[in-house]
Amino acid sequence: MSSDPFNTTEPKYEIEESRFGKIVCYDQQLLFEKREQKGWESGSTLASSLPFFITQLFVANLSYRIIYYITRPLYLPPFVAQILCGLLFSPSVLGNVDIVIQHIFPYRFTMVLETFANLALVYNIFLLGLGMDLRMVKITEFKPVIIAFAGLFVALPVGAALYYLRGNGHPDKIIAGCVFWSVSLACTNFPDLARILADLKLLRSDMGRTAMCAAIITDLCTWVLLVFGFASFTKAGSWNIRMPYVMFATGIFVVFCIFVLRPGIKWIFSKTVKAGHVGDTHVWFVLGGVVLCGLITDACGVHSITGAFLFGLSIPHDHIIRNMIEEKLHDFLAGILMPLFYIICGLRADISFMLQYTDKFIMAFVICSSFLVKIVTTVIVSLFMRMPMRDAFAMGALMNTKGTLSLVVLNAGRDTKALDSPMYTHMTIALLVMSLVVEPLLAVTYKPKRKLAHYKHRTVQKIKGETEFRVLACVHILPNVSGIANLLQVSNPTKQSPLNVFAIHLVELTGRTTASLLIMNDECKPKANFSDRVRADSDQIAENFEAMEVNNDAMMVQTITAVSPYTTMHEDICALAEDKRVCFIILPYHKHLTPDGRMGEGNSSHADINQNVLNHAPCSVGILVDRGMAMVRSESFRGEAVKREVAMLFVGGPDDREALSYAWRMVGQHVIKLIVVRFVPGREALLSSGKVAAEYEREKQVDDECIYEFNFKTMNDSSVKYIEKVVNDGQDTISTIRDMEDNNSYDLYVVGRGYNSDSPVTAGLNDWSSSPELGTIGDTLASSNFTMHASVLVIQQYSAVNRQAAAAAATGTTVPGNNQESVDGGAKINRDAEAPFMKSMYDDEEEDEEEEHQYGSHR
């Protein structure tokens, strides 16, 4: 012991090495701070457990965050950072450094650290069960079931063979260790697999759906095997003679959770939760239930995490309480407490000690075999079910996805002395290698072949009110819904040209996103009484869109939730637009209306998404600057319908022709009054414009034909008015628009973006543009100092040439015959918007056909 009884900062320990770890002996008085001090002598505050624990908490979180941000650019799953964080403080790295042993992770406070780590683990496993939606398991589909069971039934015996392999660890092994070793090798972590699929844009693929379903089945089977392992062996690693009683008691609790606890929770919440409001009492009830269920299963003879997992599954999946618990728990657990569990895992792993019992070649063989066993098995089974070879290989790699559950199984075996230190360390390194390989391997080798949609109606101009009008409406938050919904309602759905709306709620993929939320739900929801539905944000968005079709037989709405990082969200939008064969995408402007009537700062990430969609969209795109379309009254005080004033500003070019086609579509409703204002450059403007005037003259012929057709077909419609204004420059154009606004208050302006086309009537305005995605006229109308109440719809017509130019800009190549600038103002194109996505979005035949149409009209 220490020579000075009052000096507790330099304690002495008696340490013995064994294959099950270190046996440390110390005086229990070292756990308490000595209060007898003389001046500064023995005055260190690190002599008590609380300051030590705070230090450990800080070091664990700092280490994990640093490693996480280092591995993040390499597109590695968070599980890699978790294992590396633990191994950093293993005895082979920093664990035996004096400053770490004495001042950060002293032996005498290890039990305090393990207590908080296990508490964090219990709640983390509860969140794992909370985020798992068993409805995703479709037993009627035999493919994922066969893949899951084939992987388990082959991986378990192979794991047992590798466990007993000569040269792999200490020769004296017990069967209990074989069970935990094999289960850890065979399991697949569903949340991490769903996140990998989301990162690689494979969630909506057939292979991705099959992999997720197979992962859930594998997860459930892993829990059954883990409970069997808990019940079969004592904490000393020997056979438990009371195993039948433990299994019976655990089975009774499972039945209780299914038939009593889950319906009871649903009934209690239905009686106490009013109007979607969840109080602190409900949260306390759930958090207390986690501890209670963990205590019950611990008393039954299995680990407390079993009860936490079952309680998480018992919470009704459709209830808002799930989001509340996720919000309150996840950040605190994942960001604060769970790194302590990773530290505990690392402190138990000793690579140097493992190499004394494990041959290096055997170690490499075991790791390679552990990784290949599921790939080979899945490939054989998938080929037997006639899956493509590339999908079979990707499925096998995904089945090797490991996560926290694998570490839980290993630590359970370590706690019961079923696994000694060499075998525990060996499997930990194997899990690290598997996690390092899976996602990068898939990113390099697996490029999904998208079924390219060959459809002609990619623009509003082609529909001409004679075929189905398919629209993809995108919203980020609930306030985006009202303006877009009102715009769709005035788009004049008819039986000859019905409106088919695909409403997509865009959710950012963050570290708190649950695995079940990652799944895109594109099922058409039935019309129902919405008052009984949960008032979560996504549900309210779905309800508002679905309410449009209740009183309109010519409109059909499908709601979708898409979860993706902001940097790659445009890929999901474009891919969904092509899958659904839409001809128009509606995006909300990134700035929102403030209470004082001005436009706020907005979200710059939303602006980047809009810009990227404009560059890569497979159809025409509209950006709605909503200034309160929903606040326009549908009836006057006399009971008469109030007409909505719509102004279409025509400058010239393909985007303006598309905007005219959309405004034309609104005609025919008694509540719409349309005025089309064409700005014609005067002689002075044409003489001073030079090359711009020549380009304008080339487009003018097509514009004249479009305007002539519009005037001819609406000449007998009193709700339509067409006028021409002669202007000489951009300032003259703005003055004319201001005069229009002063003389008549409009509800909506429809304008073309004017991408890659200059006009004499907008000369001088480009220098003042702050939002390139809106174009020159659109940006002017959206500015706060121009108008305070009219909404603006800016439309860009689909162009195969412009789309190819954007793809070339993203990949660093050039498009033959296209010398135009590809991006107005520069969009943020990231690594996910490169070759695999671009190549899948373009087809030579399709582009040739579209280019021929594009230039055919000019000829």
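Exactly one residue among Gly668, Gly682 is in contact (Cβ under 8 Å) with a residue 12 or more places away in the chain, at positive phi and either in the same structural domain as Val490 (by TED's automatic domain parsing) or of a type outside the set (Val, Ile, Thr) (or both), and that residue is Gly668.
Against the test of being modelled with pLDDT of 90 or more, out of contact with any Ser or Thr (no Cβ under 7 Å at 6 or more places or on another chain) and hydrophobic (A, V, I, L, M, F, W, C), the options Phe332, Phe285, Phe311 yield a single qualifying residue, Phe311.
For Lys643, the conditions (1) in contact with a Lys or Arg (Cβ under 9 Å, 6 or more places away or on another chain); (2) at pLDDT 75 or above; (3) among the basic types (Lys, Arg) are fulfilled apart from (2). All conditions but one from (1) touching a residue at least 60 places away in the same chain (Cβ under 8 Å); (2) part of a helix (DSSP H, G or I); (3) buried (at least 18 other Cβ atoms within 10 Å of the Cβ) apply to Val291; the one that does not is (3).
Is it the case that the range 204-212 has a residue that's in contact with an Asp or Glu (Cβ under 7 Å, 6 or more places away or on another chain), of a type outside the set (D, E, K, R) and buried (at least 22 other Cβ atoms within 10 Å of the Cβ)? There is no residue in the range 204-212 that is in contact with an Asp or Glu (Cβ under 7 Å, 6 or more places away or on another chain), of a type outside the set (D, E, K, R) and buried (at least 22 other Cβ atoms within 10 Å of the Cβ).
Return the residue satisfying two criteria in turn: it lies in the range 353-383 and is of a type in the set (Gly, Ala, Ser) and surrounded by fewer than 21 Cβ atoms within 10 Å (Cβ to Cβ), and of such residues it is farthest from the chain's Cα centre (by Cα).
Taking the candidates together, the pick is Ala364.
Yes/no per residue for (1) assigned by TED's automatic domain parsing to the domain that holds Asp747; (2) at pLDDT 70 or above; (3) at positive phi; (4) of a type in the set (Asp, Glu):
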position: His592; (1), (2), (3), (4): no, yes, no, no
position: Gly597; (1), (2), (3), (4): no, no, yes, no
position: Gly602; (1), (2), (3), (4): no, yes, yes, no
position: Asp608; (1), (2), (3), (4): no, yes, no, yes
position: Ala617; (1), (2), (3), (4): no, yes, no, no
position: Val621; (1), (2), (3), (4): no, yes, no, no
position: Leu624; (1), (2), (3), (4): no, yes, no, no
position: Arg627; (1), (2), (3), (4): no, yes, no, no
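Out of Lys700, Lys673, Lys725, Lys713, one residue alone is of a type in the set (Lys, Arg), in contact with an Asp or Glu (Cβ under 8 Å, 6 or more places away or on another chain) and at pLDDT 80 or above. It is Lys673. The set of residues in the range 319-352 that are polar (S, T, N, Q) and under 22 Å from the mean Cα position of the chain (by Cα) contains only Asn323.
The residue list Val302, Val260 contains one member that is hydrophobic (A, V, I, L, M, F, W, C) and touching a helix residue (DSSP H, G or I) at 6+ places or on another chain (Cβ under 8 Å), which is Val302. Here the condition is being buried (at least 22 other Cβ atoms within 10 Å of the Cβ) and under 25 Å from the mean Cα position of the chain (by Cα); of Leu87, Leu127, it holds for Leu127 alone. Could you say whether any residue in the range 263-273 is surrounded by 15 or more Cβ atoms within 10 Å (Cβ to Cβ), under 19 Å from Tyr123 (Cβ atoms) and not acidic (Asp, Glu)? Yes, the conditions are met somewhere in the range 263-273.
For Val667, the conditions (1) within 26 Å of Gln496 (Cβ to Cβ); (2) out of contact with any strand residue (DSSP E or B) (no Cβ under 8 Å at 6 or more places or on another chain) all hold with the exception of (2).
Within the range 561-580, can one find any residue that is of a type in the set (Gly, Ala, Ser) and at pLDDT 85 or above? Looking for residues that are of a type in the set (Gly, Ala, Ser) and at pLDDT 85 or above, one finds at least one in the range 561-580, hence yes. Filtering Leu156, Leu193 for residues that are assigned to a helix (DSSP H, G or I), surrounded by fewer than 24 Cβ atoms within 10 Å (Cβ to Cβ) and on the phi < 0 side of the Ramachandran plot leaves a single hit, Leu156.
Which helices (runs of 4 or more DSSP H) does the range 446-557 wholly contain that include 3 or more residues that are in contact with a helix residue (DSSP H, G or I) (Cβ under 7 Å, 6 or more places away or on another chain) and modelled with pLDDT of 60 or more? Talk me through it step by step, then tell me what you get.
Values: elements: 460-463, 479-489, 537-546.
Answer list for the range 446-557: 479-489, 537-546.
Taking the numbered list (1) touching a helix residue (DSSP H, G or I) at 6+ places or on another chain (Cβ under 7 Å); (2) within 19 Å of Gly653 (Cβ to Cβ) in turn, Ala694 passes all entries but (1).
Okay, residues lined up against (1) surrounded by fewer than 20 Cβ atoms within 10 Å (Cβ to Cβ); (2) closer than 20 Å to Ser491 by Cα; (3) not hydroxyl-bearing (Ser, Thr, Tyr):
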position	(1), (2), (3)
Val646	no, yes, yes
Met666	no, yes, yes
Glu695	yes, no, yes
Lys700	yes, no, yes
Ser719	yes, yes, no
Val727	no, no, yes
Ser735	yes, no, no
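Count, please, the residues in the range 709-730 that happen to be in contact with a Ser or Thr (Cβ under 7 Å, 6 or more places away or on another chain) and not in a strand (DSSP E or B). The qualifying residues number 1. Looking at His170 and the list (1) of a type outside the set (D, E, K, R); (2) modelled with pLDDT of 85 or more; (3) surrounded by fewer than 19 Cβ atoms within 10 Å (Cβ to Cβ), which single condition is not satisfied? The number of the failed condition is (2). Looking at the range 271-280, is at least one residue in a helix (DSSP H, G or I) and touching a residue at least 40 places away in the same chain (Cβ under 8 Å)? Within the range 271-280, none of the residues are in a helix (DSSP H, G or I) and touching a residue at least 40 places away in the same chain (Cβ under 8 Å).
Looking only at the range 397-421, how many residues end up being among the aliphatic types (A, V, I, L, M), assigned to a helix (DSSP H, G or I) and within 29 Å of the chain's Cα centre (by Cα)?
6
Report, by residue number, each residue of the range 699-731 that is touching a residue at least 40 places away in the same chain (Cβ under 8 Å) and of a type in the set (Asp, Glu). Hits for the range 699-731 are Glu699, Asp703, Asp717, Glu724, Asp729.
Conditions tested, residue by residue: (1) touching a strand residue (DSSP E or B) at 6+ places or on another chain (Cβ under 7 Å); (2) surrounded by fewer than 19 Cβ atoms within 10 Å (Cβ to Cβ); (3) closer than 21 Å to Met666 by Cβ.
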position	(1), (2), (3)
Asn716	no, yes, yes
Tyr722	yes, yes, yes
Gln731	no, yes, no
Asp739	no, yes, no
Asn744	yes, yes, yes
Gly752	yes, no, yes
Tyr755	yes, no, no
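The conditions of being in contact with a helix residue (DSSP H, G or I) (Cβ under 7 Å, 6 or more places away or on another chain) and within 20 Å of Val302 (Cα to Cα) are not met by Val224.
Consider the range 244-262 and keep the residues that are without any contact (Cβ under 8 Å) to a residue 40 or more places away in the chain and either polar (S, T, N, Q) or surrounded by 15 or more Cβ atoms within 10 Å (Cβ to Cβ) (or both). The one that is nearest to Leu419 (Cα to Cα) is Met247.
Test Ala763 against the criterion of being among the small types (Gly, Ala, Ser), modelled with pLDDT under 85, under 22 Å from Asn486 (Cβ atoms) and outside the structural domain of Gly622 (by TED's automatic domain parsing), and give yes or no. It would help to see each step written out before you state the result.
Values: among the small types (Gly, Ala, Ser): yes; modelled with pLDDT under 85: yes; under 22 Å from Asn486 (Cβ atoms): no; outside the structural domain of Gly622 (by TED's automatic domain parsing): yes.
When the stated conditions are applied, Ala763 does not pass them.
The values are calculated or read from the model by the stated rules, or taken from the named source; none is laboratory data. Just so it is clear, the model here is predicted, and its values are computed rather than measured. Backbone-built Cβ (ideal geometry, glycine too); neighbour counts: all protein chains shown.
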